[in-house]
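Enquirer: Can you read through this structure? Questions will come right after.
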Amino acid sequence: MRRLDYLWLKLRGIALLVFARREAALQVFDEMLRRWPGDRYALSSRAHVLAETGRSDEAFAAYGQLVEAAPDDAAGWFNHGFMLEAAGRCEEAIAAFERATSIDPKLDRAWYGMGLALIRLKRYDAAVAALKKNTELQPMSPYGWYQLARVQVDRAQPEEALKIIRHLRGFEPKVAAQLERETGLRAGEPAR
């Protein structure tokens, strides 16, 4: 009976989210946590809904509870890091992203988040390493490539940025053009 109660509440929460009834879904997740404290699914779902509804402080606390209850949850650490980075707490965000990537080295979003936090701290060499890992894992996503090109410009490595712009022209020409406008570099010309 206990398992059926759990499944019923979980399905109810999912259905409420499908119909964009977030507050009602939060009540379901709260009920789940009352009955099964520390439940990874309920903690994660609750934190996600709080973040989605702009309740950042509550979401931040909820993700903190999740990583405390489930310290081996790479996605939880990523989301916690994302919230920390958004709050400008970059050192803590980097530690959360590092924890996420130590659990799941293929979690490309965590490598990307780590790169963004490192950029904010102007630790460009470390940002390059994180963003290169992101682009290895997600070679067709323009986001990591875009940030990597920007960092190469910040590191006074225009030739490296031009290589990335040329690469992006092959599958994301709009992003390549945007980088050219923003950096003043032209992929058809040598770096200045």
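Enquirer: Once you place label points 7 Å from the Cα toward the Cβ at residue 98 and residue 24, how far apart are they in nm?
Expert: Placing both labels 7 Å beyond Cα along the Cβ direction yields 4.5 nm.
Enquirer: Could you list 135, 183 so that the one with the fewest beta carbons within 10 Å of its beta carbon is first and the one with the most is last?
Expert: Ascending number of Cβ neighbours within 10 Å: 183, 135.
Enquirer: Pairs of alpha-carbon atoms within less than 8 angstrom and 6+ residues apart define the contacts here; what relative contact order does the chain have, in percent?
Expert: Relative contact order comes out at 9 percent.
Enquirer: Counting other beta carbons within 10 Å of each residue's own, what order do 33, 11 fall into, fewest first?
Expert: Ordered from fewest to most neighbouring Cβ atoms within 10 Å, 33, 11 come out as 11, 33.
Enquirer: Taking the simple approach of a point 7 Å from Cα along Cα-to-Cβ for both residue 87 and residue 68, what is their distance in nm?
Expert: A separation of 1.3 nm, rounded to one decimal place.
Enquirer: What residues have an amide H closer than 5 Å to that of residue 155, excluding those fewer than 5 places away on the same chain, when H is modeled at 1.01 Å from N in the peptide plane?
Expert: Close amide H contacts, sequence-distant or interchain: none at all.
Enquirer: Quote the charge dipole size of the chain about the Cα centre in Debye, to the nearest 20; the model charges only the Cβ of Lys and Arg (+1) and of Asp and Glu (-1).
Expert: Value, rounded to 20: 400 debye.
Enquirer: When a/c is below 1.5 the answer is rounded, else prolate if a/b is larger than b/c, else oblate, so apply that to the stretch 1-69 with a ≥ b ≥ c taken from the square roots of the Cα gyration tensor eigenvalues.
Expert: oblate
Enquirer: Which of 82, 19 has the fewest other C-beta atoms within 10 Å, and how do the rest follow up to the most?
Expert: With the sparsest Cβ surroundings first, the list reads 19, 82.
Enquirer: I've got another one for you. Please work out which option in [x] 22; [y] 32; [z] 40 gives percent of Cα pairs over 28 Å apart calculated from these coordinates, and answer with its label.
Expert: [z]
Enquirer: While we're on this one: Work out the charge dipole of the stretch 1-63 with +1 on the Cβ of Lys and Arg and -1 on the Cβ of Asp and Glu about the Cα centre, then indicate which of 28, 59, 4 is farthest towards its positive end.
Expert: 4
Enquirer: Next question. Which of rounded, prolate or oblate describes the stretch 57-137 when judged by the alpha-carbon gyration tensor and an a/c cut-off of 1.5?
Expert: Because a/c hits 1.5 or more and a/b fails to exceed b/c, the stretch 57-137 counts as oblate.
Enquirer: Please go through the stretch 133-192 and write out the chymotrypsin sites (Phe, Trp or Tyr not before Pro) that DSSP classes as loop and that have at most 15 other C-beta atoms within 10 Å.
Expert: Hits after loop and neighbour filter: 171.
Enquirer: Taking only pairs that are 8 or more places apart or on different chains, how many Lys pairs in the chain have Cα atoms under 19 angstrom apart?
Expert: 7
Since every read-out is calculated from the coordinates, none of them should be taken as a lab result. Just so it is clear, the model here is predicted, and its values are computed rather than measured. Counting neighbours? That spans all protein chains shown, and the Cβs are built from the backbone with ideal geometry, glycine included.
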